[in-house]
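Q: Attaching a single structure in structure tokens format; questions to follow.
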Amino acid sequence: MAPSIQSALRRQLRRYPAELSNDPAIDTIARDLEAGSESGQEMATRMLRALNPLAPDRSTVLASLAVAADDGESGQPQADSEAGQLVDQFRRVVHFDRRYLPDSSSRAEGLRRLILALIHDVRVVLLVLAWQLARMQVAREDEARRALAREASAIHAPLANRLGIWQLKWALEDLAFRYLEPETCARIERLVAEQRDERERYIDDFMQQLSARLDAAGIAHEVSGRAKHIYSIWRKMRRKGLDFHQLFDVRAVRVLVDDVANCYSVLGLVHSHWQPVPGEFDDYISNPKPNLYRSLHTAVRGAQGRVFEVQIRTHEMHEHAELGVAAHWRYKEGGPRDSALEQRIGVMRQLIEAGEGEHDEAQDDETLIENFESLTSEDRVYVLTPRGDVIDLAHGATALDFAYHVHTEVGHRCRGAKVNGRIVPLTHVLANGDRVEVLTSNQGHPSRDWLNPQLGYLRSGRARAKVRHYFRQLNYDDNLAAGQATVEAELKRLDLAHTDLQPVAAQYNFRRVEDLLAAVGAGDLTAAQVGQSALRASGESEPAKPDLPFRKPSTQDSDRSGSEVRIEGVGNLLYQLARCCQPVPGDPIAGFITRARGVSIHREDCRQYLRLAARQPERRIQVDWNRSASTRYSVRIRIDAWDRRDLLKDIGAVISNQGLSVSAMNAERGEQPEEVTIALTLEVENLERLSVLLGKLQSITNVSAVRRLR
């Protein structure tokens, strides 16, 4: 028995309306909790505290007490059949939640059950969110806290955000942040606390001035200060690269008015009396957020140049903003169905529905999780159809993502796009306000290149799943032929044409290389993945530091030095990278001891090395890439293309965008009048970067082939 916790439970119940705190069934379960374990009482108290701002009904309160009494296992209030149904659904949701989401499979299954429960009855999700928050608050061991925090960050907080349940979202995010980043969290809390008194004084002065001007204008209003949450401060600092003192919305006020017209009247009054900060105005009334959040946001300069954020909204908007779907669940009591609630839940329903006759088996666990992260992301982009309809996409979405969002067949037959009247490539990244028109062909089909993340065609996991589904419908022989052609082209580009793919097949759990190639053709794997796996199978790729003609390791153990090559059993030896084959990290390498220049480092298949080793095998030495290095290496590539205006400019732009530099270039005419061959010497860190570059160069208009030269 713990009187303090018992009294805390009763005090929390007394904060609810009298018809709930005095309800006989609720009182019975509360007495059982007081007679039981301290952990059950503490869980019940914390769940009630979390749910109180959401104004739960009788069945939700009963269910919360029941699940707290049994820690989410088997409690069920027999006195209320509706509460019993909530508990039963709650148990099904949290069954996959009790091991802290150890892998993607259980994480995806738990997510499916959570969304299904949401669609059936939103109150179950409120219980799950409150239960998760209470579990985090009562956890004592560091590892359990971190595991619960990772779970909340991945699933619960994004879901609360999407449903607009801000009270629980903030609490989950701040606590998860405190557990996962304790030092950073403590630093921000210290910065907030150090300036609290001064900040509150300036906010009070600003609110008094604003309220006086609103009274003079005859606008009924409520003005209050707004606290900025620790996690949201850190997130904005990281996203915008700002120092704490540069944030505008640490000093913030909120104005509530009666109608939308007064919202804009207040905005005009604020802008007329204080200087607006450029670029800091957002109109979420005419363009609501994906979770239906509506408000006007602006930032103005007050006394002594201090910046204040001002949020302006109606009382109804404020209730929606604070409670989200919890403001609407009462339709379960027999009232009219709420269209806003239906819209919020309908968006989440997309995650588990096949859509256009595709699928459940086409959406694997990783795709479901990727789609959830994309849908719940707060970074969104809003674009327009030719008819002016607003389409909500994930930040970084391309023109091809837009086509698949419109319809699967539109995406399959997409061959181009116009953005704001200008033809753009399918990889064009969309920006807010773009008007997008899709250009299609009558008999088009998707390209396997669209699945290659290095080429940047698709940002959305849902769109990639549609492309994969298309190729899965082809027969095995077609997929095998397409996969073989794609992989051979990738390996040829990387100069790995004779690599044995059997170890790669085994890595992906295929018994035969043919099955691996067919998987590439079906879209389950990309050629780039196979190329990188082939690279790792033959030798690890590691970064290293600026190239020098000769290197001398320190007198320390050679693999602890700054050297990018480790010489087995020998330290303090000069070495150089052979110019005949120009090895880069990831290439299998061998060393040959020269008479005057130390160890010469060659690729294992270098013809020059093989001739030298055959004549003098005793001078061979085992070498490997140093795992701790970070160097750039020279590598030569060849580009075959049909000449056109700005060809070199486009090639240079691709190289520059990859952050690479060119040390030598030569261009010459080919056998055909318009044919041109360009040889480049580049500085790259490893073969992964080279692979990305070759893929992007290959996609340039008029480029017919790109490959690495020995």
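The values are calculated or read from the model by the stated rules, or taken from the named source; none is laboratory data. Predicted, not measured: the structure shown is a model, and the values here were computed from it. Heads up, the Cβs are rebuilt from the backbone with ideal geometry, glycines too, and the neighbour counts pull from every protein chain shown. When the accessible area is computed, the model is the full protein with side chains, heavy atoms only, and any ligands, DNA or RNA have been set aside. Shrake-Rupley method; radii C 1.70, N 1.55, O 1.52, S 1.80 Å.
Q: Quick check on my filter: what residues within region 15-53 are touching a residue at least 60 places away in the same chain (Cβ under 8 Å) and open to solvent by 50 Å² or more (accessible area, probe 1.4 Å)?
A: Those that are touching a residue at least 60 places away in the same chain (Cβ under 8 Å) and open to solvent by 50 Å² or more (accessible area, probe 1.4 Å): 39, 46, 53.
Q: Of the residues that sit in region 396-407 and are farther than 21 Å from residue 650 by Cβ and without any contact (Cβ under 8 Å) to a residue 40 or more places away in the chain, which one is most open to solvent (accessible area, probe 1.4 Å)?
A: Out of the qualifying residues, it is 406.
Q: Also: List the helices (runs of 4 or more DSSP H) that sit entirely inside region 408-504 and contain at least 1 residues that are touching a residue at least 24 places away in the same chain (Cβ under 8 Å) and closer than 30 Å to residue 605 by Cβ.
A: 476-493
Q: Ok, one more. Checking the conditions here, which among 511, 472 is over 29 Å from residue 589 (Cα atoms) and surrounded by fewer than 20 Cβ atoms within 10 Å (Cβ to Cβ)?
A: Answer to the selection: 472.
Q: Could you grab me the full set of residues in region 276-312 that are in a loop (DSSP other than H, G, I, E, B) and touching a Pro at 6+ places or on another chain (Cβ under 8 Å)?
A: Once the filter is applied, which keeps residues that are in a loop (DSSP other than H, G, I, E, B) and touching a Pro at 6+ places or on another chain (Cβ under 8 Å), region 276-312 yields only 294.
Q: Moving on to the next point. How do the strands (runs of 3 or more DSSP E) wholly within region 577-667 filter down when requiring 1 or more residues that are surrounded by fewer than 16 Cβ atoms within 10 Å (Cβ to Cβ): which remain?
A: In region 577-667, 633-642 are the strands (runs of 3 or more DSSP E) which contain 1 or more residues that are surrounded by fewer than 16 Cβ atoms within 10 Å (Cβ to Cβ).
Q: Quick one: would you say residue 191 is open to solvent by less than 40 Å² (accessible area, probe 1.4 Å), at pLDDT 90 or above and of a type outside the set (S, T, N, Q)?
A: Spelling it out, it is not the case that residue 191 is open to solvent by less than 40 Å² (accessible area, probe 1.4 Å), at pLDDT 90 or above and of a type outside the set (S, T, N, Q).
Q: Kindly indicate which of 467, 530 is of a type in the set (Val, Ile, Thr) and under 30 Å from residue 584 (Cβ atoms).
A: Of the residues listed, the single one that is of a type in the set (Val, Ile, Thr) and under 30 Å from residue 584 (Cβ atoms) is 530.
Residue-wise test of (1) in contact with a Lys or Arg (Cβ under 9 Å, 6 or more places away or on another chain); (2) at pLDDT below 75; (3) farther than 27 Å from residue 203 by Cβ.
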position	(1), (2), (3)
303	no, yes, no
311	yes, no, no
330	no, yes, yes
340	no, yes, yes
344	yes, yes, yes
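Q: Take the conditions open to solvent by 50 Å² or more (accessible area, probe 1.4 Å), over 30 Å from residue 383 (Cβ atoms) and modelled with pLDDT of 80 or more and apply them to residue 294. Does it pass?
A: Considered against the rule, which asks whether it is open to solvent by 50 Å² or more (accessible area, probe 1.4 Å), over 30 Å from residue 383 (Cβ atoms) and modelled with pLDDT of 80 or more, residue 294 comes out as no.
Q: Still on this structure, I have one more. What are the residue pairs meeting all of these: first residue in region 120-149, first residue open to solvent by 10 Å² or more (accessible area, probe 1.4 Å), second residue of a type in the set (Phe, Trp, Tyr) and assigned to a helix (DSSP H, G or I), Cβ atoms under 6 Å, and 6 or more apart or on different chains?
A: 145/179; 146/179
Q: Sticking with this structure for a sec: Right, residue 530: touching a residue at least 12 places away in the same chain (Cβ under 8 Å), buried (at least 22 other Cβ atoms within 10 Å of the Cβ) and not small (Gly, Ala, Ser) or not?
A: Answer is yes for this residue.
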